[in-house]
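Visitor: Can you keep this structure in mind? I'll have questions shortly.
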Amino acid sequence: MNTRIVLAAGLLGVGAYPAAAQQPAVNDRVVQGLPSKYLPPTCSLKAGHFKVSSGATYLKTGVETEVPANKTRALASGQKVLLEAIQQNGQEKNPAAWYYLGRVHLQQGDLVGADTAFTKAEALSPACKQDISAQRYNGWVPLVNAGISFAKGQKSDSALALFREANTIYREKPQAYSAAAVILANNKMDDSAIVYLQKAADIATAANMAEDRNQATFNLAAVLQRQNRNEEAAAALERYLGWVPNDVEAKRALAGIYRATGKLDKAKALEAQAGVGGPAAAAAPPAGTGEGAAMNAAIALYNAKKYDSAATAFEKVVVAEPYNRDALYGLANSYLGLKKGPQLAQTATRLLAIEPLNDDVLRMLATGQRLARKEASANKTAMQVIAMPVSIAVKEFAPAADGASVKATATGRDAQNSRGKPIAAKPITVVFEFLDSKGTVVGNQEVEVPALKAGETHPIEAKAQGTGISAWRYKTLPAKS
């Protein structure tokens, strides 16, 4: 299950965050990425001393001047006068002095200095927490973006250093923790990855970021299992399944841990649940597919963990029925069991042509790309998972002699762009197409899906009339105005 650890989707994090080793005095990425317009504090802060007021003025000048030498000089003066106020003029309990000092340090690219000053300012003036958080976030964004770029370019050491620096200044979003943990896990530094993953999960939980929480918890279980810490891995998977009860892969993994730890009754009960026994479906395939016996045989081989034989069996079904979603899904899972990255990626791509808003299939594609050592492609795919505002899971396909129907559920997701900013949910139109065995469209139906908040669901049902329907697929369009 550890192959599900991919960069993005909010993956790993930093536990007790380590200060960036040998951090430079000036972080140019932060300096260049900060806003060029000065904004006064949004909380009520009184200077209380003329040197603190002077420090604020120097800060404003340093932010807004376009002359580099003037900027450097103004910020140095601001730092000097604020430190004098704190150290020589009794302003060590003045939150304004620490607040402005933190912003000066940030403008200078001194992350450790900024973090220290902001921490003191917030302790002295809790009402300024939101403003201070916004200042920290401004320093975090350029570091995370640069880290993602390095990760895409397979420069893991540089990416890891940047993610750690990002966590030095801002620790209220899980993305940098998650991304750092991915790198650590991929380099078999599991103890550190576990700490980072737990931190990512805790932060995501506190911030009500369900997708990030879920992915971090799943990955935490993966690394714990890899370390043979089965009791802890089981507890993590149990939490995860409480949030994502229909994740078949997680159920199989938990059942396996139960068996490994002698909890056979729990394992059997979990395996007996619908859909847990096999990669496609525990029950026989829908009537009319023409390959029911072959599918059942393939599923039985997969359940026995005979992944090589299962892949061969599913391949035969796919040759006969190239649009059979369940057969393709079973084939993809077999390739996953065999760790055949190129074949997994190819099959997941075919699945996405059938159901483009299935986030599990998209993660499967990222896993295949990573196994194939195509890190840049895997990272790009993982970012697509993060940015997906809605997922669609088809629950039932019922072909009949004169038509067919599909039932599905759309679920809103906590989508974010590469900067960690929320992506607003929008309504969409889903066009279901019903196909015959040759892939010819027999009929179709458009279904409107409203904008959904994270975790909110919407039922979908589509029908078509016609003979010979044996498969389905869908595509999405912007909602009709």
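Visitor: Once both axes come from the Cα atoms, what is the angle between helix 190-206 and the longest principal axis of the chain, in degrees from 0 to 90, rounded to 10?
Guide: Approximately 80 degrees, to the nearest ten.
Visitor: Can you give the FRET efficiency to the nearest 0.05 for Asp28 and Lys463, using r as the Cβ-Cβ distance and R₀ = 41 Å?
Guide: That pair, Asp28 with Lys463, gives E of 0.10.
Visitor: Shifting gears a bit: Hey, what's the stretch 16-175 come to in accessible area per residue, 1.4 Å probe, Å²?
Guide: I get 48 Å² per residue for this part.
Visitor: Related question: Counting Lys +1, Arg +1, Asp -1, Glu -1, what net charge surrounds Tyr100 among other residues with beta carbon under 13 Å of its beta carbon?
Guide: Values: positive: Lys46, Lys51, Lys60, Lys80, Arg103, Lys120; negative: Glu84, Asp131.
For residues surrounding Tyr100, the net value is +4.
Visitor: Right, next: Taking N as the number of residues in the stretch 129-241, what value does Rg over Cα atoms divided by 2.2 N^0.38 Å take? Intermediate values should be presented prior to the final figure.
Guide: Values: Rg = 14.2 Å, N = 113, 2.2 N^0.38 = 13.3 Å.
Relative to the 2.2 N^0.38 Å estimate, the stretch 129-241 comes out at 1.07.
Visitor: Protein chains only, probe 1.4 Å: how do Ser54, Ser133 rank by accessible area, largest first? Don't jump to the answer; show the numbers that get you there.
Guide: Working: Ser54 40, Ser133 20 Å².
So the residues, ranked largest to smallest area, are Ser54, Ser133.
Visitor: How much mean residue ellipticity at 222 nm does the chain get from its helices, if each DSSP H run of length 4 or more adds -39500 (n - 2.57) and you divide by all residues, to the nearest 500 deg cm²/dmol?
Guide: Details: 19 runs with 267 residues, N = 481.
Counting only the DSSP helices, I get -18000 deg cm²/dmol.
Visitor: Mind sorting out which of (i) 26.6; (ii) 25.1; (iii) 29.3 is the real mean projected area of the Cα convex hull in nm² computed from the coordinates?
Guide: Among (i) 26.6; (ii) 25.1; (iii) 29.3, the one derived from this structure is (ii).
Visitor: How much length would be gained if the chain were fully extended between Gln227 and Tyr137, taking 0.36 nm per residue of separation minus their Cα-Cα distance, in nm to one decimal? Spell out each step's value before the answer.
Guide: Working: separation 90, 0.36 × 90 = 32.40 nm, distance 3.42 nm.
Full extension of this stretch gives 29.0 nm more.
Visitor: Still on this structure: What does a probe at Glu446 reach in the stretch 398-432, counting residues whose amide N is under 19 Å from the point 7 Å along Cα→Cβ?
Guide: 406, 426-432
Visitor: Sticking with this structure for a sec: List the aspartates and glutamates whose Cα lies under 13 Å from the Cα of Lys339, skipping any in the same chain that are fewer than 8 positions away.
Guide: Within the straight-line cut-off, Lys339 pairs with Asp308.
Visitor: Provide the FRET efficiency to the nearest 0.05 for the Ala235-Lys93 pair, computing r from the beta carbons and using R0 = 51 Å. Numbers along the way, then the final one.
Guide: Values: r = 44 Å, r/R0 = 0.86.
Once the sixth-power term is evaluated, E becomes 0.70.
Visitor: Moving to a separate point now. For the stretch 341-481, give the percent of accessible area contributed by carbon and sulfur heavy atoms, probe 1.4 Å, rounded to a whole number. Don't jump to the answer; show the numbers that get you there.
Guide: Numbers: 3360 of 6540 Å².
Carbon with sulfur: 51 percent of the solvent-accessible area.
Visitor: Roughly how many debye, to the nearest 20, is the charge dipole of the chain about its Cα centre, given +1 on each Lys and Arg Cβ, -1 on each Asp and Glu Cβ, and no other charges? Provide the component values of the computation, followed by the final result.
Guide: Numbers: 55 positive and 42 negative charges, 174 e Å.
Magnitude of the dipole: close to 840 debye.
Visitor: Can you tell me the 0 to 90 degree angle between the C-alpha axis of helix 341-354 and the longest principal axis of the chain, rounded to 10?
Guide: 80
Visitor: Right, next: If you roll a 1.4 angstrom probe over the protein chains with everything in place, what fraction of the accessible area of the stretch 130-234 belongs to carbon and sulfur, to the nearest %? Before the final figure, lay out the partial values.
Guide: Numbers: 1610 of 3700 Å².
C and S fraction of accessible area: 44 percent.
Visitor: Hey, another quick one. Given a 1.4 angstrom probe, what's the average accessible area per residue across the stretch 411-478, in square angstrom? Mind showing how you got there, number by number?
Guide: Values: 3550 Å² over 68 residues.
On a per-residue basis, 52 Å².
Visitor: So, one more: So, counting K/R as plus one and D/E as minus one, what does the shell of residues with Cβ under 13 Å around Ala255 add up to? Write down the numbers at each step before the final one.
Guide: Values: positive: Lys251, Arg252, Arg259, Lys263, Lys266, Lys268, Lys305; negative: Glu238, Asp247, Glu249, Asp265, Glu271.
Combined, the nearby Lys, Arg, Asp and Glu give +2.
Visitor: Exactly which trypsin sites (Lys or Arg not before Pro) in the stretch 80-134 are in a DSSP loop and have at most 16 other Cβ atoms within 10 Å?
Guide: Details: sites: Lys80, Lys93, Arg103, Lys120, Lys129; in loops: Lys93.
Sites meeting the loop and neighbour criteria: Lys93.
Visitor: Continuing with the same structure: Got a sec? What order do Arg325, Arg136, Arg473 fall in by accessible area at 1.4 Å, biggest, i.e. largest, first? Walk me through the intermediate numbers first.
Guide: Details: Arg325 45, Arg136 20, Arg473 65 Å².
The most accessible residue leads, giving Arg473, Arg325, Arg136.
Visitor: Around Arg164, with a cut-off of 13 angstrom between Cβ atoms, what is the net charge of the other residues, counting Lys and Arg +1 and Asp and Glu -1? Mind showing how you got there, number by number?
Guide: Details: positive: Arg171, Lys199; negative: Asp115, Asp157, Glu165.
Counting the neighbours of Arg164, the net charge comes to -1.
Visitor: Lysines near Lys475 by alpha-carbon distance under 25 Å, same-chain residues fewer than 8 away left out - which ones?
Guide: Lys380, Lys395, Lys407, Lys426, Lys438, Lys453, Lys463
Visitor: Let me ask you something else. Loop only by DSSP, 16 or fewer other Cβ within 10 Å of the Cβ. Give me the chymotrypsin sites (Phe, Trp or Tyr not before Pro) in the stretch 316-377 that pass, ordered by residue number.
Guide: Details: sites: Tyr323, Tyr329, Tyr335; in loops: Tyr323.
Here no loop site has a sparse enough neighbourhood.
The values are calculated or read from the model by the stated rules, or taken from the named source; none is laboratory data. Not measured: the values here are computed from a predicted model. Backbone-built Cβ (ideal geometry, glycine too); neighbour counts: all protein chains shown. Just so you know, the surface numbers come from the protein's heavy atoms only, side chains and all, with ligands and any DNA or RNA stripped out. Shrake-Rupley method; radii C 1.70, N 1.55, O 1.52, S 1.80 Å.
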